[in-house]
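The values are calculated or read from the model by the stated rules, or taken from the named source; none is laboratory data. Computed from a predicted model, the values in this text were never measured in an experiment. We place every Cβ from the backbone using ideal geometry, glycine too, and count neighbours over all the protein chains shown. Accessible surface is based on the protein model in full, side chains and every heavy atom, while ligands, DNA and RNA are left aside. Shrake-Rupley method; radii C 1.70, N 1.55, O 1.52, S 1.80 Å.
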Amino acid sequence: KRLRSLDGHSARVGALSWNQHWLSSGGRDSQIIQHDVRSRNHIVSTYVGHTQEVCGLKWNDEGSTLASGGNENLLCLWDAAMSHRGNSHGYHRSNSNGNGDTITDPSNIGPRLQLTQHKAAVKALAWCPFHRGLLASGGGTADRTIKFWNTNSGAVLNSIDTGSQVCSLLWSKHQREICSSHGFSENQLILWKYPSMTKIQEFKGHTARVLHMDQSPDGGSVVSAAADETLRFWDVFGSPPNERKGNNLSMGNFCGSPMIR
């Protein structure tokens, strides 16, 4: 049953991210719209900084910073404090009214940081669960890198060439590990050790690019969705440390049925 429709975009919506009662949506119209789902007038503000389609969105766990990736290779960082209704602070966009006057629109907000080091579309975004302010991002076919960022300063901490398009990223909830999913040519998942970024294991089976990943509530298993129109379940991160002895009821057992069409 549909509960509600939220309008505002003039083209397709390709990215969504929740932050409590706020839903952020990114569209092909290059805009990011903040919706307050509790309100009848749900559009709180519009983030203006991308020039092409917004293809990645991710709020950090604290709900204080939104990362967005665009098809024009930009990675932007936005502060939640800029979006609050009636907020008089933030990075507001200014435009001329044609008479030489500058008009500031408090509903149109620019990014706190605009990072340009990727060389292809930025779809894959993941905030580190054990290091506050650490963000991982992945670039498309012409880039192929996973980059790690200090989101306070905008500095690149590390950059790893994966050899193929990076479509999605997922941190382990229990280990210092990160999983990446890829497109051409192997369409695989790769598990990496952080921060050394040594490759632990590859997971192959998809026949087209692996667009999305998510993990089970216990953090052990990963489900991947690919352009081959299948969902596949993988035992990637293993059982949580406190469940490794005497607990055989983890989601890892579900991986006996690895594919859903």
Original post:
Per-residue HN-Hα couplings for segment 49-60, Karplus 6.51 cos²θ - 1.76 cosθ + 1.60 at θ = phi - 60°, whole Hz, x for Gly and Pro?
Top reply: x, 7, 10, 10, 4, 7, 10, x, 9, 7, 7, 6
Subject >> Reachable lysines from Lys193, criterion Cα separation under 20 angstrom, eight or more residues apart if same chain >> reply: Lys147, Lys173, Lys204
Original post:
Carbon and sulfur atoms: what percent of the 1.4 Å accessible area of segment 102-157 do they account for?
Top reply: 48 percent
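With a 1.4 Å probe and every protein chain left in place, work out the accessible area per residue of segment 167-228 in Å², rounded to a whole number.
Heavy-atom SASA per residue in segment 167-228 reads 41 Å².
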Subject >> Virtual spin-label span in nm between Ala227 and Asp79, 7 Å along Cα→Cβ >> reply: 3.9 nm
**OP:** May I ask for the distance between the Cα centers of segment 152-220 and segment 12-39, given as a whole number of Å?
**Re:** 25 Å
Original post:
Once the dipole of segment 1-56 is set up with Lys and Arg at +1 and Asp and Glu at -1 on Cβ about the Cα centre, which of Ala15, Ser30, Asn41 lies farthest towards its positive end?
Top reply: Asn41
Subject >> Loop trypsin sites (Lys or Arg not before Pro), segment 112-167, which have at most 15 other Cβ atoms in a 10 Å radius of their Cβ (DSSP) >> reply: Lys119, Arg132
